Amino acid sequence: MEITWYGQTCFRLSERGLANVVTDPCPPEVGFTFPKPRADVVTVSYDDASCRYASGVRGPFKLLDGPGEYEIGGVFITGIATHADSKRGATRGLNNIFTFDFGGMTVGHLGLIGHVPTQSQVESLGTVNVLLVPVGGGGSLTPARASEVISLFEPSIVVPMYYKIAGLEQKLGTLSGFLKEMGLEKVDTQETLRVSKSDLSEETQVIVLEPRRRDEG
């Protein structure tokens, strides 16, 4: 399957013959151009304009913005409610975690979660092979908390998101703080993550993606 990052918490997940998924589409106001990808499914983790720019996605698509279990175009999707802060939602409200099972390859998207999930929440999502994790603070996970969350899920691959990149208006922490927390000095970046079940290992690997800015077909 292929995983493409557009910045913030917005990704496109695709696998041949299955539904295409776009997570948290972000508007131009965040500071960079959104390339209007095509999707069959759009998920929204956090009820804010910065995460639900659905008009920027080419459809037709099914919009999912709450907890539940879904099967769309051969992709099995699970959403659970969490909080977007460390105060049980008192300051920033609710957040949705979504997992996407593409024929046995499962991607977990943590959205703008602001706390370490409970063991029961982690177990309810099952095995997650690839985990998309916010790492830049800004009300969401700090590098230290992101590291703690990763240790709970024990994914094969971690892709950091929601950190400072060129053009971004919001003040977030840099990627380097997270890499230091994970004991890494530098990680090579990739334009797109292409991964299959045969690529998965027991040891967690951090893969950094470059935000894509050009249009897709």
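The H on the amide N of LYS62, modeled in the peptide plane, is under 5 Å from the matching H of VAL41, VAL42, each at least 5 residues off or on a different chain. Report note on the peptides 37-43, 117-123: ranked by the mean count of other C-beta atoms within 10 Å, highest first, their order is 37-43, 117-123. Working from Cα pairs under 8 Å separated by at least six residues, relative contact order for the chain is 19 percent.
Here's how it looks for GLY138: its modeled amide H is under 5 Å from those of GLY173, which are all 5 or more places away or on a different chain.
Ranked by how many other Cβ atoms sit within 10 Å of their own Cβ, fewest first, the residues LYS62, LYS186 fall in the order LYS186, LYS62. In order along the stretch 162-172, the Karplus-derived 3J(HN,Hα) couplings, from 6.51 cos²θ - 1.76 cosθ + 1.60 at θ = phi - 60°, round to 6, 9, 5, 9, 4, x, 5, 6, 6, 7, 10 Hz, and Gly and Pro are given as x. Taking amide hydrogens as placed 1.01 Å from N in the peptide plane, the amide H of PHE76 sits under 5 Å from those of ASP101, GLY103, each at least 5 positions away in sequence or on another chain. Over all orientations, the stretch 2-209 has a Cα convex hull whose mean projected area works out to 10.4 square nanometres.
Values quoted throughout were computed directly from the atomic coordinates according to the rules given, and no laboratory measurement underlies them. The structure presented is a predicted model; accordingly, all values stated were derived computationally and were not measured. Virtual Cβ from ideal backbone geometry, glycine too; neighbours counted across all protein chains shown.
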